[in-house]
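Peer 1: Got a structure for you, questions after.
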Amino acid sequence: MAWDTYARQRPERRPVNAAGERTWFNWTQYPDHGPGAEVLGVRPGQRVLDLGCGKGGNLAHLAALGARAVGVDVSPAQLSAARERWSDAGLVLYRREALEFLTADAGADFDAVYSVFGAVWFTDPVRLLPAIRARLRPGGVLAFSQRPPVEGCYGCQASYINRSENEDPLVVRRWDYELDEWRGLLTGVGFHGVRAQVIPAPPGPRKIGTVLVRAVA
Ligand SMILES: C[S@@+](CC[C@H](N)C(=O)[O-])C[C@H]1O[C@@H](n2cnc3c(N)ncnc32)[C@H](O)[C@@H]1O
């Protein structure tokens, strides 16, 4: 219910980006900003999984590059928007909770797993990271992005999804950590080559950057 509410509040992705492209990959909360799909290094024919794919814009870009694109999301509203917008993109979409999908479906493994402000942010990493590691092929890449933590507020946090003025907000849990903590969590479950950074916000009034973490299985 919380994520369906969120889905209804979020605008559709633009038809084209500033470069005139119909599909693109965006790791940050700002349009036309930051690195793109090259972070994942996915080649045509490889299998890639988006945890918390939302309306599917990033996944559609990977499919356009030739990847076999699988998306998982708990929200029917998000998935129905993804199916409508990207009906011809060949996406394989599941309505599932991320941890449940990773542990219950003993299907093929993935060459890359990623999450953009998605399920990796909203699931306890102590449980989720080993499950992702187990479904990545050797050399496979995990990458995820989210907002940086507020100083002093680390670990599980309450995140509010507002409704009408007559209704209390809905609450979801998210996990905020500093870069060193992410490095430790990832190496602790066997990832290597961990790169964790904060991408600065684009020039302008907004100051909050984007945490981007990449690790190799
Ligand atoms: C902030 S939205 C981001 C959506 C998308 N990645 C994007 O960049 O637009 C978070 C998404 O993660 C999904 N989500 C949150 N927790 C999840 C979980 N445990 N398993 C699967 N999906 C989840 C929500 O339904 C929502 O679509």
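Peer 1: When residues of the stretch 1-42 are filtered for being in a loop (DSSP other than H, G, I, E, B) and either closer than 18 Å to residue 113 by Cβ or open to solvent by less than 40 Å² (accessible area, probe 1.4 Å) (or both), how many remain? Even if it seems obvious, please write down each step before you answer.
Peer 2: So in the stretch 1-42, the residues in a loop (DSSP other than H, G, I, E, B) come out as 1, 10-36, 40-42.
Subset that is either closer than 18 Å to residue 113 by Cβ or open to solvent by less than 40 Å² (accessible area, probe 1.4 Å) (or both): 17, 23-28, 30, 33, 35-36, 40-42.
The qualifying residues number 14.
Peer 1: When you check residue 216 against the structure, is it touching a Ser or Thr at 6+ places or on another chain (Cβ under 9 Å), aliphatic (A, V, I, L, M), within 21 Å of residue 58 (Cβ to Cβ) and touching a residue at least 40 places away in the same chain (Cβ under 8 Å), yes or no?
Peer 2: Criteria not met by residue 216.
Peer 1: Every residue in the stretch 63-83 that is of a type in the set (Ser, Thr, Tyr) and closer than 20 Å to residue 99 by Cα, please.
Peer 2: Within the stretch 63-83, the first condition is being of a type in the set (Ser, Thr, Tyr), and the residues that meet it are 75, 80.
If the condition is that a residue be of a type in the set (Ser, Thr, Tyr) and closer than 20 Å to residue 99 by Cα, then 75 is the only one that fits.
Peer 1: Same structure again: Would you check which residues across the stretch 124-158 are basic (Lys, Arg) and within 13 Å of the chain's Cα centre (by Cα) and list them? Explain how you work it out, then say what you get.
Peer 2: Taking the stretch 124-158 and keeping what is basic (Lys, Arg), we get 127, 133, 135, 137, 147.
Matches in the stretch 124-158: 147 only.
Peer 1: Suppose the filter is under 26 Å from residue 198 (Cβ atoms) and charged (D, E, K, R); does residue 111 pass it? Walk me through how you get there before you give the answer.
Peer 2: Details: under 26 Å from residue 198 (Cβ atoms): no; charged (D, E, K, R): yes.
In short, no.
Peer 1: Tally the residues that are open to solvent by 40 Å² or more (accessible area, probe 1.4 Å) and in contact (Cβ under 8 Å) with a residue 60 or more places away in the chain, restricting the search to the stretch 165-180.
Peer 2: 1
Peer 1: Among the candidates 90, 45, 66, 54, single out the residue that is part of a loop (DSSP other than H, G, I, E, B) and either in contact (Cβ under 8 Å) with a residue 60 or more places away in the chain or within 15 Å of the chain's Cα centre (by Cα) (or both).
Peer 2: Numbers: 90 fails: either in contact (Cβ under 8 Å) with a residue 60 or more places away in the chain or within 15 Å of the chain's Cα centre (by Cα) (or both); 45 fails: either in contact (Cβ under 8 Å) with a residue 60 or more places away in the chain or within 15 Å of the chain's Cα centre (by Cα) (or both); 66 fails: either in contact (Cβ under 8 Å) with a residue 60 or more places away in the chain or within 15 Å of the chain's Cα centre (by Cα) (or both).
Answer to the check: 54.
The values are calculated or read from the model by the stated rules, or taken from the named source; none is laboratory data. Given the structure is predicted, the values throughout are model-derived calculations rather than measurements. FYI the Cβ positions are ideal-geometry reconstructions off the backbone, even for glycines, and counts take in every protein chain you see. Keep in mind that these areas ignore ligands, DNA and RNA; they rest on the heavy atoms of the full protein, side chains included. Shrake-Rupley method; radii C 1.70, N 1.55, O 1.52, S 1.80 Å.
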